[in-house]
Amino acid sequence: MAGCCNDSSNHVVVMVRHGQSEWNRQNIFSGWVDIGLSPKGKHEAIAAGVTIKNSGYKFHIAYTSVLTRAEVTLDTILNRIDQPNLEVVRSWRLNERHYGALTGLSKTETANKFGEEQVKLWRRSYDVPPPPMQEDHPYYKQIREDPRYAEGPDDGEFPSSESLKMTSERTLPFWKQTIGPEVRSGKRVLIVSHGNSLRSIIKHLDRISDADINNLNLPTGIPFVYTLDDKLHPLPGESMKFLGDEAVIKKAIEDVKNQRRSTLKK
Ligand SMILES: O=C(O)[C@H](O)COP(=O)(O)O
């Protein structure tokens, strides 16, 4: 099987950011709002499945968030790789970072109002959270009263806005206590999640500094591979290896980076 390691102390984890969502397409902050995939996102999910299949990967278990855009991307991939019945663990801890008061706002209009620099801080800095979502926010009730959160997060954990650092405080315990032991036991793991929840895991794995994490933009729907040692440290040169066509990958990364500029007023 391609992508397999004979050395049992090496562990393969494949990660994918969900395909483009309707709000990615419209350039709107989504966070915990349950927005579905756009037509392009559905194609990206299929393409991700084809790429993973062509690379020969098979999995023992998959992890995803409780948001539909990630679940649908995962299901699409599993169908393409002929593993529709794979064990799937869903957790709110892999949700997108909570975008607080910015949720539902246009990224372009927000940049026009608060300035590009401020929006870049909110979107990409390590420890600057967006303003909190108050109870009168149009999406507050929809998120807080969603039955999928009946089992958690509890009131104390439920975010009203999250920086990347705050996002890490829920993703990394899940990585270390739930996913990590499975990886170490020899299971091949697939994770389908979100731009910022994955950035928080990548920051940890690759020991990226608080300053440098600013520059990491994850493309939608492009699978990438980590090969880890027994301590779950990436092997040299085996971090974040994107699968697929190089030009497509480069363009997808640029598209995410330039999102806020796409219709910025002159
Ligand atoms: O929540 C969102 O709006 C996106 O999924 C991630 O957005 P970002 O690239 O602006 O962080």
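The values are calculated or read from the model by the stated rules, or taken from the named source; none is laboratory data. Owing to the predicted nature of the structure, the values given are computational and were not obtained by experimental measurement. Here the Cβ positions follow ideal geometry from the backbone for every residue, glycine too, while neighbour counts run over all protein chains shown.
Scanning segment 76-100 for residues that are crowded, with 18+ Cβ neighbours inside 10 Å and assigned to a helix (DSSP H, G or I) yields T76, I77, L78, R80, W92, R93, L94, G100.
One residue stands out in segment 44-64 among those that are among the β-branched types (V, I, T) and part of a strand (DSSP E or B): the one that is nearest to E87 (Cα to Cα), namely I61. Of all residue pairs spaced 6 or more apart or on separate chains, those with beta-carbon atoms under 7 Å, a first member in segment 192-218 that is closer than 21 Å to G19 by Cα and hydrophobic (A, V, I, L, M, F, W, C) and a second member that is outside any helix (DSSP H, G or I) and near the ligand (Cβ under 10 Å from one of its atoms) are V192/H18; L198/R17; L198/L218; L218/R17. Whether a residue is surrounded by fewer than 21 Cβ atoms within 10 Å (Cβ to Cβ), within 16 Å of the ligand (Cβ to nearest atom) and among the aliphatic types (A, V, I, L, M) was assessed, and I191 does not pass this test. A single entry from E44, E96, E87 fulfils the requirement of being modelled with pLDDT of 95 or more, among the acidic types (D, E), more than 15 Å from the ligand (Cβ to nearest atom) and under 20 Å from P223 (Cβ atoms): E87.
Residues are listed down the side, and each one gets a yes or a no for (1) away from the ligand (no atom under 15 Å from the Cβ); (2) among the aromatic types (F, W, Y); (3) in contact (Cβ under 8 Å) with a residue 40 or more places away in the chain:
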| site | (1), (2), (3) |
| --- | --- |
| R17 | no, no, yes |
| S30 | no, no, yes |
| Y57 | yes, yes, yes |
| V72 | no, no, yes |
| D75 | yes, no, no |
